[in-house]
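As structure tokens, the structure follows; a few thoughts come after it.
The values are calculated or read from the model by the stated rules, or taken from the named source; none is laboratory data. Note that the coordinates shown come from a computational prediction; the quantities given were computed from them, not determined experimentally. Glycine gets a Cβ as well: all are built from the backbone with ideal geometry, and neighbour counts include every protein chain shown.
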Amino acid sequence: MKIAFFDSGIGGLSVLHHAMNILPNEEFIFYADEDNVPYGTKTQEQVLGYVAEAFKFLVAQDVGAIVIACNTATSAAVRAMREKYSLPIVGMEPAIKRALDLFPARKVLVTATEITITGEKLQALIDRLNARELAELRALSELVEFAERMEFNSAAVENYLREEFSAYDFSEFSSVVLGCTHFNYFKDTMRKILPAHIKFLDGNEGTLNQLIRLAGLVKSEKWKVESDFFTLATNHQPLITYYYSGRKVTSAKELARLEKYLQRLDEMYLI
Ligand code: DGL
């Protein structure tokens, strides 16, 4: 089955990268809305418009399911897309539940874009989890632009993160939730700044489990995340077609750019 992964930019590759490991025999489309990235600092209405355009394109590609590999687009548009289309649509949400299941009664720092942080969807999730006291929220919108420029561990990135994290006493926290798919590229830089006990949690596993359930797929048995034997995703080379805002990516330069992101994700995978 052909499965589409959609993001404002290259953040969604972190979800696709995990899918390459656990679903190595599927065919994928990856759609990055490079004309309109970043979404996180735009209005809800603008993002809804961008997502509607992308969906029009993707449903015409005869895909069996669409993964919105973007917390911001999910927050602004998943409900409208589900009302409009009947194919399985899987969204993402910050992994707060996972953080609290793993570390009950410890604080969690939820990082995401401005839209996700202020959006109703996240507020409703926090209420549902009864996590007002435990979930601290921080928008790290600038990381999206750093990631798009392939700037992951420069002094500017490090200074930005040091400044943003200086507001917290991390001895009270168990984890940092990466509530934006662009943030997975910065785990090594965050690791450098934060105390060693802080875990990084993203929504990739939960999102793909939901995809597997809805689309009736089967997870590869060879894959085990903590195993010494797991193969890096970039070695699998499953069939992927890339699009930037509806234009097929064919130039060797752009394909090499995407490959570099996947290699970076290989490095970040077990941090
Ligand atoms: N990657 C997206 C997310 O997961 C949003 C990045 C952006 O365009 O601001 O939230």
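Candidates VAL51, VAL47, VAL63, VAL37: the one that is within 12 Å of the ligand (Cβ to nearest atom), assigned to a loop (DSSP other than H, G, I, E, B), among the β-branched types (Val, Ile, Thr) and modelled with pLDDT of 95 or more is VAL37. Among the residues of region 191-207, the ones that are at pLDDT 95 or above and acidic (Asp, Glu) come to 1 in all.
Touching a His at 6+ places or on another chain (Cβ under 6 Å) and either of a type in the set (Ser, Thr, Tyr) or part of a helix (DSSP H, G or I) (or both): does that describe ALA156? So ALA156 does not fit the description; no. Scanning region 66-80 for residues that are buried (at least 24 other Cβ atoms within 10 Å of the Cβ) and assigned to a helix (DSSP H, G or I), we see that the one that is farthest from the ligand (Cβ to nearest atom) is ALA77. Please verify whether region 87-97 includes one or more residues that are at positive phi and either at pLDDT below 95 or surrounded by 18 or more Cβ atoms within 10 Å (Cβ to Cβ) (or both). The answer is no; no qualifying residue exists. Checked against the criterion of being part of a helix (DSSP H, G or I), within 16 Å of the ligand (Cβ to nearest atom) and at negative phi, the candidates LEU143, LEU137 yield just one match: LEU143.
The condition (being surrounded by fewer than 17 Cβ atoms within 10 Å (Cβ to Cβ) and either more than 24 Å from GLY206 (Cα to Cα) or modelled with pLDDT of 95 or more (or both)) is satisfied by just one residue among LYS42, LYS56: LYS56. Restricting attention to region 100-134, the residues that are crowded, with 17+ Cβ neighbours inside 10 Å, part of a helix (DSSP H, G or I) and hydroxyl-bearing (Ser, Thr, Tyr) add up to 1.
Residues in region 163-216 that are among the acidic types (Asp, Glu) and either within 14 Å of the ligand (Cβ to nearest atom) or part of a loop (DSSP other than H, G, I, E, B) (or both): ASP169, ASP202. Picking from residues in region 1-32 that are assigned to a strand (DSSP E or B) and in contact with a Lys or Arg (Cβ under 7 Å, 6 or more places away or on another chain), the one that is nearest to the ligand (Cβ to nearest atom) is ILE29.
When region 31-46 is filtered for residues that are in contact with an Asp or Glu (Cβ under 8 Å, 6 or more places away or on another chain), under 20 Å from VAL59 (Cα atoms) and of a type outside the set (Asp, Glu), the ones remaining, listed by number, are TYR31, ALA32.
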